[in-house]
Amino acid sequence: MSEIEYLFGTGDGVPHGWSSPADLSLGGTLDAVRLDFDGDGLLDDALWDADRDGVAELAALDLTDDGVLDHFYTDPTALGTWNHQVTGVPEDAAVEPLGWTVRVEPGAGAARPDVAWPAKPGVPAPPPDIAWPAPTDVITPQPGTAWPVPPPLPGVRSSLPALR
């Protein structure tokens, strides 16, 4: 898959269509676009094309900033607002047209009844593994050298032995 299309909008007026190259694998192939959806400054969220048709169906967010996508949203109005949190309950099937969703009644003993996970029939699956690829723009010391130790700050006692 090369490009994923998606909409962003305010809910008032015409939404803006976008297309980005897939750069993240959530379902086994490059099927998602990484972005900062929740505004925390981290590229730890994604728009996911779960059915691989070239159009994003899910906004997958890491709201706890722990590297795990823990909240999923759809855009049932096609206004680019991504304002429906996926629940997996039968009453929400019309606004969650996700063929892989295992629908459970709240409190029916599912591992996470607040979130609908892709799963095998009768077996709840864990959330997607989102091991982010190593960034290519990280500054590291040259081989055989070490990071310089900063000078101590006047009046500040460090817990690090090298800075005492």
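Look through the range 25-42, keep the residues that are in contact (Cβ under 8 Å) with a residue 60 or more places away in the chain and within 17 Å of Trp82 (Cβ to Cβ), and return whichever of them is most open to solvent (accessible area, probe 1.4 Å).
Going through the range 25-42, the residues in contact (Cβ under 8 Å) with a residue 60 or more places away in the chain turn out to be 26-27, 34.
Now narrow it down to the ones that are within 17 Å of Trp82 (Cβ to Cβ): 26, 34.
Numbers: Leu26: 21, Arg34: 64 Å².
This residue is Arg34.
Among the residues of the range 95-108, is there at least one that is among the basic types (Lys, Arg) and modelled with pLDDT under 90? Write out each step before concluding.
The initial filter retains those residues of the range 95-108 that are among the basic types (Lys, Arg), namely 103.
Within this subset, residues satisfying the condition of being modelled with pLDDT under 90 are 103.
Within the range 95-108, one or more residues are among the basic types (Lys, Arg) and modelled with pLDDT under 90.
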> What number of residues in the range 27-40 are closer than 16 Å to Ser2 by Cβ and either under 10 Å from the mean Cα position of the chain (by Cα) or assigned to a strand (DSSP E or B) (or both)?
Replying inline: 5
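So, in the range 47-97, of the ones that are of a type in the set (D, E, K, R), within 17 Å of the chain's Cα centre (by Cα) and under 23 Å from Ser2 (Cα atoms), which residue ends up most open to solvent (accessible area, probe 1.4 Å)? So that I can check it myself, show each step before the final result.
Within the range 47-97, the first condition is being of a type in the set (D, E, K, R), and the residues that meet it are 49, 51-53, 57, 62, 65-66, 70, 75, 91-92, 96.
Going one step further and asking which of them are within 17 Å of the chain's Cα centre (by Cα), we end up with 49, 51-52, 57, 62, 65-66, 70, 75.
Narrowing the set further to residues that are under 23 Å from Ser2 (Cα atoms) leaves 49, 51-52, 57, 75.
Values: Asp49: 0, Asp51: 90, Arg52: 106, Glu57: 37, Asp75: 27 Å².
Result: Arg52.
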> Just for the range 41-74: of the residues that are in a loop (DSSP other than H, G, I, E, B) and in contact with a Ser or Thr (Cβ under 8 Å, 6 or more places away or on another chain), which one is modelled with the highest pLDDT?
Replying inline: Glu57
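The values are calculated or read from the model by the stated rules, or taken from the named source; none is laboratory data. A quick note: this is a predicted structure, and the numbers were derived from the prediction, not measured. FYI the Cβ positions are ideal-geometry reconstructions off the backbone, even for glycines, and counts take in every protein chain you see. SASA here: full protein model, heavy atoms, side chains in, ligands and nucleic acids out. Shrake-Rupley method; radii C 1.70, N 1.55, O 1.52, S 1.80 Å.
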